[in-house]
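Visitor: A single structure is presented below for examination.
The values are calculated or read from the model by the stated rules, or taken from the named source; none is laboratory data. Everything numeric in this text was worked out from a predicted model, so none of it was measured. Here Cβ is always computed from backbone atoms with ideal geometry, including for glycine, and neighbour counts include all displayed protein chains. These accessible areas exclude ligands, DNA and RNA; they are computed on the full protein's heavy atoms, side chains included. Shrake-Rupley method; radii C 1.70, N 1.55, O 1.52, S 1.80 Å.
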Amino acid sequence: MRERLADPALVDLAVEVRLGKDDGATSCLAVPLGGQRVAGEVTVQGWTQALHVLLALDGRKGFPDLRDGTGCESGIDQPRTIRWGLRSAFAEAGQRARMWGYHGAGVRAYEAEQSREDARIPVTPLPEDGTYPRVAGIYDVLLNGSDGYLEDRRFVRALPKADAEALGVAAVINRLHMPGVIGHLTARGIDQFLDLGCGLVPWPSIPPDEFEPYTNLQDIVARHQATARLVYADHDRSLFGASRIGVEGHPLRPQWVQGDIQYMEQFLTSGRVQYVLDWSRPIAVLLHDVLPWIGSDETVTQAMDVLRDMLPGGSAVSITHAIDFDSNRMSRFTEAFRAVGIAYQPRDACAVGDLFGDWPLESPGLVPTHCWWPGHPHAELDAHEAGALAGLALKPDPQHARG
């Protein structure tokens, strides 16, 4: 605490509160307000300890507006937080640390500490709330899901019928690409998966069916590797609560990260991403129908350069990306998406291939998505129906090469 405060002398004025009456009772340190410190709090176990804090600090200088800030739904023995000073609805870690009077380095240290285990804390800046329709919601509608908002459904209904059907077919083809990729990667011994731009994570499949477009990724992964690590990531704030329900209680215990891959280096070096994955072993990154929703070619190129550079040897990157086929030009949707504030940028085959850098592509190379693995349920459809190309590349492992 002393090392993080802009005014460390406040610690000398702190009140040590014993949290019990017996000799083995623990204690906590309550630091008063002063200077840049306009709020404070301590968290204790249960109502009895909270009462000790309230009685010890009541009426003391530096502890104005003393209160129990814990929700009324918490049980009598659950952790309780006693607060004093400025009231604020801010939940962001950096804002709390600044209210507590931390200096710049102290704020950064606290943010890193909190983001390590708290999935509620974004690891990068996120887009502003309130952008509707949303890519994830539109995708849900195209897959005949039930979680799309009214604005998402209105957007799809406003499209010409043939275009809406084409987008729906492409979405299903893209979704059913996952079982083939996961099977290929687990056969190579990879057991860590990072799903970037995951969108809405469906509720658990009952029973899981790899040929059902709405099957959970965790069910697909668990079918091949029962002890795999799986991390979902997206920049859409509205997905966090609903998607967390979809992963809770699953045997793989999937993790969630809120972050924007347009800040790829900040994303990958964040405490949480470093915490939930083992960076000494290969990691498979899924970028399925994600990069077309970043309009800047420069941003996409830089993000992929950082990703390839930072992944451990033996890691994999799986990409599906919208392109223009002669008879199915996905760029015809660009104007409709941009009219509702959504960037959409199909790219040509050469540009998609460049996203893999110099990593060697796995067979069959860069092909229409439903042609990538023979088991795809829609492998018999014409190539242009996919509206996208798919590829998978593995990072050469220097240690393996020397062996």
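Visitor: For segment 234-261, name all the residues that are in contact (Cβ under 8 Å) with a residue 60 or more places away in the chain and surrounded by fewer than 19 Cβ atoms within 10 Å (Cβ to Cβ). Write out each step before concluding.
Guide: Pass one, segment 234-261, residues in contact (Cβ under 8 Å) with a residue 60 or more places away in the chain: 234-240, 242, 244, 255-261.
Correct list: R237, S238, F240, A242, R244.
Visitor: Condition check: modelled with pLDDT under 95 and either open to solvent by 50 Å² or more (accessible area, probe 1.4 Å) or among the small types (G, A, S) (or both). Does T131 satisfy that? Explain how you work it out, then say what you get.
Guide: On the way: modelled with pLDDT under 95: yes; either open to solvent by 50 Å² or more (accessible area, probe 1.4 Å) or among the small types (G, A, S) (or both): yes.
So T131 passes the test.
Visitor: Related question: Evaluate segment 230-253: report whether one residue or more is at pLDDT 95 or above and over 27 Å from A388 (Cα atoms).
Guide: There is no residue in segment 230-253 that is at pLDDT 95 or above and over 27 Å from A388 (Cα atoms).
Visitor: For segment 300-339, give me each residue that is crowded, with 16+ Cβ neighbours inside 10 Å, free of Cβ contacts under 8 Å to residues at least 40 places away in the same chain and in a helix (DSSP H, G or I).
Guide: Answer for segment 300-339, where residues must be crowded, with 16+ Cβ neighbours inside 10 Å, free of Cβ contacts under 8 Å to residues at least 40 places away in the same chain and in a helix (DSSP H, G or I): T334, F337.
Visitor: Is it true that some residue in segment 91-100 is open to solvent by less than 50 Å² (accessible area, probe 1.4 Å), outside any helix (DSSP H, G or I), in contact (Cβ under 8 Å) with a residue 40 or more places away in the chain and closer than 24 Å to G35 by Cα?
Guide: Checking segment 91-100: at least one residue is open to solvent by less than 50 Å² (accessible area, probe 1.4 Å), outside any helix (DSSP H, G or I), in contact (Cβ under 8 Å) with a residue 40 or more places away in the chain and closer than 24 Å to G35 by Cα.
Visitor: Go through (1) open to solvent by less than 70 Å² (accessible area, probe 1.4 Å); (2) part of a helix (DSSP H, G or I); (3) farther than 25 Å from F155 by Cα for C350 and report which single condition fails.
Guide: Every listed condition holds for C350 apart from (1).
Visitor: Name the one entry in H103, H184 that is surrounded by fewer than 23 Cβ atoms within 10 Å (Cβ to Cβ), over 22 Å from V285 (Cα atoms) and modelled with pLDDT of 85 or more. Spell out how you get there, then give the answer.
Guide: Details: H184 fails: over 22 Å from V285 (Cα atoms).
One residue alone meets the criteria, H103.
Visitor: I would also like to ask the following. Could you pull out the residue among Q95, Q78 that is more than 30 Å from W372 (Cα to Cα), of a type in the set (S, T, N, Q) and touching a helix residue (DSSP H, G or I) at 6+ places or on another chain (Cβ under 8 Å)?
Guide: Numbers: Q95 fails: touching a helix residue (DSSP H, G or I) at 6+ places or on another chain (Cβ under 8 Å).
Going through Q95, Q78 in turn, the sole match is Q78.
Visitor: Next question. Considering segment 13-50 alone, what residues qualify as being touching a Ser or Thr at 6+ places or on another chain (Cβ under 6 Å) and surrounded by fewer than 18 Cβ atoms within 10 Å (Cβ to Cβ)?
Guide: Within segment 13-50, E16, R18, E41, T43 qualify.
Visitor: Of these, D77, D65, which one is more than 28 Å from P125 (Cα to Cα), under 37 Å from the mean Cα position of the chain (by Cα) and modelled with pLDDT of 85 or more?
Guide: Working: D77 fails: modelled with pLDDT of 85 or more.
D65 is the lone residue from the list that is more than 28 Å from P125 (Cα to Cα), under 37 Å from the mean Cα position of the chain (by Cα) and modelled with pLDDT of 85 or more.
Visitor: Same structure again: Go through R67, R87 for me and flag whichever is open to solvent by 70 Å² or more (accessible area, probe 1.4 Å) and over 30 Å from P364 (Cβ atoms).
Guide: Values: R67 fails: open to solvent by 70 Å² or more (accessible area, probe 1.4 Å).
On inspection, the qualifying residue turns out to be R87.
Visitor: Taking the stated definitions as given, is L286 part of a helix (DSSP H, G or I) and open to solvent by less than 40 Å² (accessible area, probe 1.4 Å)?
Guide: Working: part of a helix (DSSP H, G or I): no; open to solvent by less than 40 Å² (accessible area, probe 1.4 Å): yes.
The answer is no for L286.
Visitor: Now, a different point. With respect to H370, determine if the residue is surrounded by fewer than 20 Cβ atoms within 10 Å (Cβ to Cβ), closer than 22 Å to A164 by Cβ and touching a residue at least 40 places away in the same chain (Cβ under 8 Å).
Guide: Details: surrounded by fewer than 20 Cβ atoms within 10 Å (Cβ to Cβ): no; closer than 22 Å to A164 by Cβ: yes; touching a residue at least 40 places away in the same chain (Cβ under 8 Å): yes.
Spelling it out, it is not the case that H370 is surrounded by fewer than 20 Cβ atoms within 10 Å (Cβ to Cβ), closer than 22 Å to A164 by Cβ and touching a residue at least 40 places away in the same chain (Cβ under 8 Å).
Visitor: Right, G387: open to solvent by less than 50 Å² (accessible area, probe 1.4 Å) and either of a type in the set (V, I, T) or within 17 Å of I138 (Cα to Cα) (or both) or not? Reasoning before the result, please.
Guide: On the way: open to solvent by less than 50 Å² (accessible area, probe 1.4 Å): yes; either of a type in the set (V, I, T) or within 17 Å of I138 (Cα to Cα) (or both): yes.
Criteria met by G387.
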